[in-house]
Each structure stands twice: as structure tokens, then as C-alpha cells.
Amino acid sequence: MPYSSVSRRSLLKSVGGGVASLSLVSALGLPAAAQSKTSDASRMAVADSGPFKTDGLLEMERKLYEMPTTSLLVYNGGRLAYEYGNGRDVSYLASARKSVLSMLYGKYVEDGTIDLDATLANLDIQDNETLSDAERQATVRDLLSSSSGVYHPAGSPGGNDNNPPRGSKPHGSYFQYNNWDFNVLGAIFEKRTGQKIFEALKRDLADPLGFQDFELGRQKMLGYGDRSRFLAYHMFLSGRDMGKLGQLMLRKGEWSGRQIVPAEWVAESTKPRFTPVQTRDSAGYAYLWWIPDRKGAAWEGSFYANGNLGQYILCLPAIDTVIVHRRAVTDQYAMARNLGETTYLPAGVKATAFLDIADAVVASRG
């Protein structure tokens, strides 16, 4: 009887065990490992995990089973060392988009197209509810560190809606995670460079890095125009293309012999501007990148992109490692959420839980 027609239950019933069972297993072409648990190495989607120990990665992976994680990718030394789920799946980046915008800013800051000290007044920025002269003194630099002091209603969800009263905080002095700042940065980018953000994403990052799953038409401007004229530039990327963005940052902006993002900007944009105490969060903040408050040599100089529900790109320069985490949602849900058609939030993975997973990855190093 061919093995394909034998159920595991009937096979066990028909064989008494011992040498006889070993002989039948062998005769049916089953590997010896069928008698016991599958070997750890054979369970790994990536054959060579580099400096990470298989048993340590599997211990970490068991924690993922109870989380809504849809994929986790670990890169070391420019190569994939671990994959959980499907890194090819394209999904909504949520606020991780902001770190990508920071990368796009780099070369235009370097060549003078964008002046970080230009004020909103200099840039002729105004909104549905008139901005005061004091609010218009906020600079591009303030917006990048989410400290503009402008608490105009944002044109998209996902920020901190518990804003202080308007006019209560001088620009540059107080961190408030505010989507108004981030959305205005998108408008300033387009105004100063003469490019649409998504076209620049394709030209300046996706094409030179060789993104494998990028679709220009899938990127969308979304939000509520009745609240603010500045909408959100939402990005939809795969985990493996996010991994390339992280590796580019680890390489100080260089890719295949070409400087894609200025090295000086990589350093400047990931320099802490606000501490965790000042952000009232578990991490500090730079120019649209978060700075984890974790101890140990492996975490020196680290930074990460953070998107709602569990979209992360963590860069660990000290150990040449990038960790990408996804909690995928449908495009339809992402659009409905950002058009104000639903306020429902599915279960996600908080930053602290993700960083605990990253700690487990770090601990698995040989």
C-alpha cells in the first residue's frame, strides 16, 4: 500500500513499535526523524541563520505564535537570516511612512532645496483654521522632531489627539506626536522639490534599491480635507522591501557603490532630539525616527520606524542587523480608517512587545 494512502493513525495502529516500526518507516521512505520531533534546523525557512542560533530563534518564534504578527524578517550583514511568515506580502505602513519620508528629505537638505530653518511663514503654510503669526514661526526642523507647537486639527488619524491648547507651547520646545506636523512635512517636500512624494519614493529609493514588490499606484494620499488641507501620504510596501530601507540606513545611505541618502543625513536624522521622558513614551525621538531605550552593546546607536498595529523597521548598527515586523491589514481597511469611515482598531503589536521580540533575537546570537 503506498504511503500516500496510509494515515498516520492507521500506520501507528498497524505497527507494534520497536524494530518493526523502524523497518516500516524505512520501507515507506519516511525520514528517521519521523519517529521523533522535527529537527530545529529543518523548521527554519532560511537555511543559514548566520550568527543567530537556531534554538534561540525558535524560542523567540514561539512568542510570535500568541501575537497578531503576520511576518518577521531578520537581516544580518546584508542577507536574510530569518523569516517568519511571508516577506513578499505588501501592506500598509501606517506611521512607519514617516521614517521613509525622513530618508527622502536627505539629499534635498544636502543640496539646499529644503532649508531646515525655513519657517512656516517663509514657506507660505496656512490651513483651514488660520494659523497665528507665532505658530507660523515653527521651522521644518521643528516639524521633523514633532515639536512645532502647532495644534491645528490633523487631516488624518493616528497621532495624539490630546493636544495642548493652541498657542500654549513655543515651537521647538515640547514634543507632541502630532500628525499635523508630519502631513505638513509631506506638503513641504512636494512644494520645495516639485515632486509628488510617491514619485520621489520610486525614483529615489524603490528603483535604486531594487524594490521587488513596489507598485506606484498602490500608494495613496488619504485623510479628511474638511479638518486640514494637509493629508497623509500613506505607503504600502512589502516586508522585504522595508528590509532594504533598513539596510540602506545601516550602510550610511550607500547602496551598490552609489550614495542614495547622504551619510551626514543618516547620522543627523537618527540623532536623539527628545528623551523618553520628554516624549512621555518608551522611546526617544529623532527626525521621524524613534530611539529605543534599551541597554546593551547591541543596542548602541539603534533606531526604528514605528507604525500603528505593528509595522516596524529596527536598525541595530552595532551588530549589522535589521529586524522588520509586520502586522498586515487589508488595503480596504487602511483606506477606510484614514478616510474616517471606521475607528475600529484590530489587535496589534505594541512597540514594547516588538522590542522584547528584538531582544530575544539579539540574545540568540552565538
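What do you reckon, is GLY50 open to solvent by 10 Å² or more (accessible area, probe 1.4 Å), more than 29 Å from TYR233 (Cβ to Cβ) and outside any loop (DSSP other than H, G, I, E, B)? No, not satisfied.
Looking across the range 90-109, the residues that are more than 14 Å from the chain's Cα centre (by Cα) and either open to solvent by 10 Å² or more (accessible area, probe 1.4 Å) or closer than 18 Å to GLY307 by Cα (or both) come down to LEU104, LYS107, TYR108, VAL109.
Among helices (runs of 4 or more DSSP H) entirely within the range 154-258, having at least 1 residues that are open to solvent by 10 Å² or more (accessible area, probe 1.4 Å), farther than 28 Å from GLU83 by Cα and of a type in the set (A, V, I, L, M) singles out 179-193. Residues that are surrounded by 14 or more Cβ atoms within 10 Å (Cβ to Cβ) and of a type outside the set (S, T, N, Q) within the range 117-131 comprise ALA118, LEU120, ALA121, LEU123, ILE125, ASP127, LEU131, listed in sequence order. If you go through the range 340-360 and pick out every residue that is aliphatic (A, V, I, L, M) and in contact with a strand residue (DSSP E or B) (Cβ under 6 Å, 6 or more places away or on another chain), you end up with 3. Residues considered: ARG141, ARG136. Of these, the only one that is touching a Leu at 6+ places or on another chain (Cβ under 9 Å), open to solvent by less than 70 Å² (accessible area, probe 1.4 Å), among the basic types (Lys, Arg) and in a helix (DSSP H, G or I) is ARG136. In summary, helices (runs of 4 or more DSSP H) completely within the range 276-366 and bearing 1 or more residues that are of a type in the set (Gly, Ala, Ser) occur at 331-338, 351-363. Open to solvent by less than 60 Å² (accessible area, probe 1.4 Å), within 16 Å of the chain's Cα centre (by Cα) and under 27 Å from ALA286 (Cα atoms), is that true of GLY307? Answer is yes for this residue. Which numbered condition in (1) closer than 30 Å to GLY155 by Cα; (2) surrounded by 14 or more Cβ atoms within 10 Å (Cβ to Cβ); (3) touching a residue at least 60 places away in the same chain (Cβ under 8 Å) is the only one that ARG365 fails? Condition (1) is where ARG365 drops out. Residues in the range 351-366 that are of a type in the set (S, T, N, Q) and at pLDDT below 95: there are none. Taking the range 316-341 as the range and being open to solvent by 40 Å² or more (accessible area, probe 1.4 Å) and among the β-branched types (Val, Ile, Thr) as the test, only THR330 passes.
Restricting attention to the range 262-286, the residues that are in contact with a Lys or Arg (Cβ under 7 Å, 6 or more places away or on another chain) and under 19 Å from ARG97 (Cβ atoms) total 3.
Only one entry of ILE188, ILE197, ILE125 meets the criterion of being within 20 Å of the chain's Cα centre (by Cα), hydrophobic (A, V, I, L, M, F, W, C) and under 28 Å from ILE291 (Cβ atoms), and that entry is ILE197. Evaluating ALA232 against the criteria (1) at pLDDT 95 or above; (2) over 16 Å from LYS98 (Cα atoms); (3) of a type outside the set (Ser, Thr, Tyr) leaves one unmet condition, (2).
Among the residues of the range 259-268, the one identified as buried (at least 21 other Cβ atoms within 10 Å of the Cβ) and out of contact with any Leu (no Cβ under 7 Å at 6 or more places or on another chain) is VAL266. Comparison of ASP89, ASP48 shows that the only residue that is at pLDDT below 95, closer than 30 Å to GLN212 by Cβ and not aliphatic (A, V, I, L, M) is ASP48. Annotation note: of GLY56, GLY85, the sole residue that is in contact (Cβ under 8 Å) with a residue 40 or more places away in the chain, open to solvent by less than 20 Å² (accessible area, probe 1.4 Å) and over 30 Å from GLN195 (Cα atoms) is GLY56. Close contacts from the range 107-126, counting a first residue that is modelled with pLDDT of 95 or more and outside any loop (DSSP other than H, G, I, E, B) and a second that is open to solvent by 20 Å² or more (accessible area, probe 1.4 Å) and of a type in the set (Lys, Arg), with Cβ to Cβ under 7 Å and a gap of 6+ residues or different chains, come to TYR108/ARG192; THR119/ARG136.
Name every residue in the range 167-221 that is among the basic types (Lys, Arg), out of contact with any strand residue (DSSP E or B) (no Cβ under 7 Å at 6 or more places or on another chain) and in contact (Cβ under 8 Å) with a residue 60 or more places away in the chain, in order of residue number. LYS191, ARG192 - these are the residues of the range 167-221 that are among the basic types (Lys, Arg), out of contact with any strand residue (DSSP E or B) (no Cβ under 7 Å at 6 or more places or on another chain) and in contact (Cβ under 8 Å) with a residue 60 or more places away in the chain. Whenever a residue of the range 265-283 is at positive phi, its partners that are of a type outside the set (Asp, Glu) and crowded, with 19+ Cβ neighbours inside 10 Å, lying with C-beta atoms within less than 8 angstrom and at least six residues away or across chains, give the pairs ARG280/PHE175.
The values are calculated or read from the model by the stated rules, or taken from the named source; none is laboratory data. Not measured: the values here are computed from a predicted model. Glycine gets a Cβ as well: all are built from the backbone with ideal geometry, and neighbour counts include every protein chain shown. Accessible surface is based on the protein model in full, side chains and every heavy atom, while ligands, DNA and RNA are left aside. Shrake-Rupley method; radii C 1.70, N 1.55, O 1.52, S 1.80 Å.
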